[in-house]
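Colleague: Here you go, one structure.
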Amino acid sequence: MTAVAAIDLGASSGRVVRGIVTDGNVHIEEVHRFANGPVRHRDRLHWDLPGLYHEVLAGLRRAGGLASIGIDSWAVDYGLLDPSGELLGNPVCYRDSRTDGITPADGLYEINGLQFQPFNTMFQLMAEPLLPQASQLLLIPDLLSYWLTGQRGTEYTNATTTGLIDVRTGQWSPELTRDLPPGLLPALRHPGDLAGTFKGIPVTAVGSHDTASAVVAVPAETDRFAYISCGTWSLVGVELDFPVLTAESRAANFTNEGGVDGTIRYLRNVMGLWLLQECLRTWDTSLEPLLREAGTASGAVFDPNDPVFLPPGDMPARIQQWCGKTMTRAEIVRSILDSLALAHRDAIADAQRLSGKEVDVVHIVGGGSHNELLCQLTADACGLPVVAGPAEATALGNVLVQARAVGAAHGTLSDLRKLVLESQPLRRYLPR
Ligand code: ADP
Ligand code: LRH
């Protein structure tokens, strides 16, 4: 029996799970969970990286008896190291205002294939005051891996979210990195590669972009599926073997992110349950009773992807202002879920139209798969069956890629997905 530890840092919470893969089965046990979120200090939004590292170490102490450790987190954010390897300042959160007003240069999409998001690493670097002092940049999972192992590298799936990778070659783009200090970007490593050791335990590169790991663990039975990795964000799309770089795709704001095993994650970011998280934070209340009331409330429809909703702050006020009316809490929650379901529908329809790939089922994975109302509304809006679960797809995808690297699992993505299908509880919603 081989146990591995998956360290999975989401924007709203982190966990360390112990994963075991045996014949035909993948099983995970959560050994440590902790809250996460942007921290405002003076006029900047940061992540508390030393605090997160402390939680990672606490989780690893509890996991015990490990054959491997793997780390994934949200994308795009980074720490800068000085020439002696010390961290220059606490990493800034992608929701910070420093990239407000940035616009992409012409011709970018044809090289990097990325949807425009003001927070893509390349735009953050344009607003980075510490760059002149920096000797190297490490993305968040790579920074934690460096602290554990002393080794530096950049894991490929997360590197593709920087905007600095050429989508055709899968390498750092000489053209897009031309103006950066030489040596800033460490060499690429790929899911399954050895990233170093921690106390004698191999640290294995996984799909270190959380969404890449989540897509690995989509329990698809065929390749005709769409996925929604539904947590702080809804990442909505299809898996492809090739990027789509057409003008229509760029105009529709579809991204071609690098997936595990050379796949392309062709998807659109939808604002996701961040809208709900920020309402709960404003109201200082819990989710369950509100979700029950929202089941029978009537809502208004708004565009969840309006950039006005990106920063932290009073979300109920912003939603009511957008909709032009005062609403009860239950009505606001219902409006969020109706609007997300419609945005899910639009993204799935666009992904099929723009890529030519057709689907007959929608998989919802991540914490949002627990939200029965959202799953049903999404099935209704899409006119397709929804399979919900696993909620911990990201940790499972992280575990599976490690298990394969240490010889406890075998085969293609479709073989790994069968393990999830056969061992994780799933719920099905038919369109009404
Ligand atoms: P992230 O990885 O981005 O931090 P998660 O995948 O952990 O996000 O999902 C977190 C979200 O999942 C929460 O904001 C919440 O809306 C939803 N969620 C988690 N548990 C439940 C539940 N029991 N019922 C409904 N929604 C849930
Ligand atoms: C989800 C996620 C998403 C990115 C965003 C910054 O956690 O990694 O895929 O676009 O965070």
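Just so it is clear, none of the values below were taken in a lab; they were calculated from the coordinates. Keep in mind that what you see is a predicted model, and the values were worked out from it rather than measured. No Cβ is skipped: glycine too gets one built from the backbone with ideal geometry, and neighbour counts run over all protein chains shown.
Colleague: For the chain, just run the numbers: alpha carbon Rg, then divide by 2.2 N^0.38 Å, N being how many residues it has.
Modeller: 0.92
Colleague: Would you list T378, T222, T328 from fewest to most Cβ contacts within 10 Å?
Modeller: T222, T328, T378
Colleague: Another question, then. Using only Cα atoms, locate the centre of segment 357-432 and the centre of segment 1-77, then give the distance between them in Å, rounded to an integer.
Modeller: Taking the Cα centre of each part, segment 357-432 and segment 1-77 sit 20 Å apart.
Colleague: Next up: From the phi angles alone, apply the Karplus equation (6.51, -1.76, 1.60; θ = phi - 60°) to segment 99-112 and give each ³J(HN,Hα) in whole Hz, x where the residue is Gly or Pro.
Modeller: With coefficients 6.51, -1.76 and 1.60, one gets 9, 4, x, 6, 10, x, 6, 4, x, 5, 4, 5, 8, 9 Hz.
Colleague: Considering only L275, L176, L400, give the residue with the highest GNM mean-square fluctuation for the chain, with springs between Cα atoms whenever their separation is below 10 Å.
Modeller: Greatest mean-square fluctuation among the candidates belongs to L176.
Colleague: With θ set to phi - 60° and the Karplus curve 6.51 cos²θ - 1.76 cosθ + 1.60, what are the ³J(HN,Hα) couplings of segment 181-189 in order, to the nearest whole Hz, using x for Gly and Pro?
Modeller: Each residue of segment 181-189 in turn: x, x, x, 4, 9, x, 4, 7, 10 Hz.
Colleague: Packing-wise, with mean Cβ within 10 Å as the measure, how do 357-369, 245-257 rank, highest first? If you can, show how the numbers build up before the last one.
Modeller: Working: 357-369: 22.3, 245-257: 18.6.
The packing order, highest mean first, is 357-369, 245-257.
Colleague: So, in Å, what gap is there between the alpha-carbon centers of segment 316-331 and segment 88-141?
Modeller: 32 Å
Colleague: What area, in nm² and to one decimal, does the C-alpha convex hull of segment 144-194 cast on average over all directions?
Modeller: Mean projected area for segment 144-194: 4.0 nm², to one decimal.
Colleague: Let me know the charge dipole size of segment 1-68 about its Cα centre in debye, to the nearest 20, where only the beta-carbon of Lys, Arg (+1) and Asp, Glu (-1) is charged.
Modeller: Approximately 280 debye in magnitude.
Colleague: Please list, ordered by chain and number, the residues whose modelled amide H lies under 5 Å from the amide H of H363; skip anything fewer than 5 residues away on the same chain.
Modeller: Correct list: A226, Y227, I228, V387.
Colleague: Do any trypsin sites (Lys or Arg not before Pro) in segment 1-66 lie in a DSSP loop with no more than 16 other beta carbon atoms within 10 Å, and if so, which?
Modeller: Answer by residue number: R42.
Colleague: Right, here's the next one. Which residue, A393, A195, A294, tops the fluctuation ranking in a GNM of the chain built on C-alpha contacts under 10 Å?
Modeller: A294
Colleague: Kirkwood Rh, Cα Rg: Rg to Rh for segment 220-388?
Modeller: Taking Rh as the inverse mean 1/r over Cα pairs, Rg/Rh reads 0.98.
Colleague: Residues with amide H under 5 Å of A195's amide H, sequence separation 5 or more or different chain, H placed in the peptide plane at 1.01 Å from N; which?
Modeller: V203, T204, A205
Colleague: Enumerate the lysines that K357 could reach by cross-link, defined here as Cα to Cα under 22 Å, with residues fewer than 8 away along the same chain left out.
Modeller: Cross-link targets: K418.
Colleague: Here is a follow-up. Please check: in the Gaussian network model of the chain (C-alpha springs, under 10 Å), which one of P83, P304, P243 has the largest mean-square fluctuation.
Modeller: Evaluated over the chain, the most mobile residue of the options is P83.
Colleague: Further question: Using only Cα atoms, what is the ratio of the radius of gyration of segment 321-403 to 2.2 N^0.38 Å?
Modeller: Working: Rg = 15.4 Å, N = 83, 2.2 N^0.38 = 11.8 Å.
Normalised Rg, Cα atoms only: 1.31.
Colleague: Could you put W172, W283 in order, starting from the residue whose Cβ has the fewest other Cβ atoms within 10 Å?
Modeller: The fewest-first ordering by Cβ neighbours comes to W283, W172.
Colleague: Across bins of 10 angstrom width beginning at 0, how are the C-alpha pair distances of segment 2-211 distributed, in whole percent?
Modeller: Cα pair-distance distribution for segment 2-211, in percent: 8, 34, 36, 17, 4, 0.
Colleague: Please report T103, T149, T232 as a ranked list, fewest other C-beta atoms within 10 angstrom at the top and most at the bottom.
Modeller: Numbers: T103 8, T149 19, T232 23.
The most exposed by this proxy come first: T103, T149, T232.
Colleague: Would you calculate the volume per residue, in Å³, of the smallest convex hull containing every Cα atom of segment 156-243?
Modeller: Output value, Cα hull per residue: 149 Å³.
Colleague: Let me ask another. Quick one: net charge of G24's neighbours, Cβ under 14 Å, K/R +1, D/E -1?
Modeller: -1
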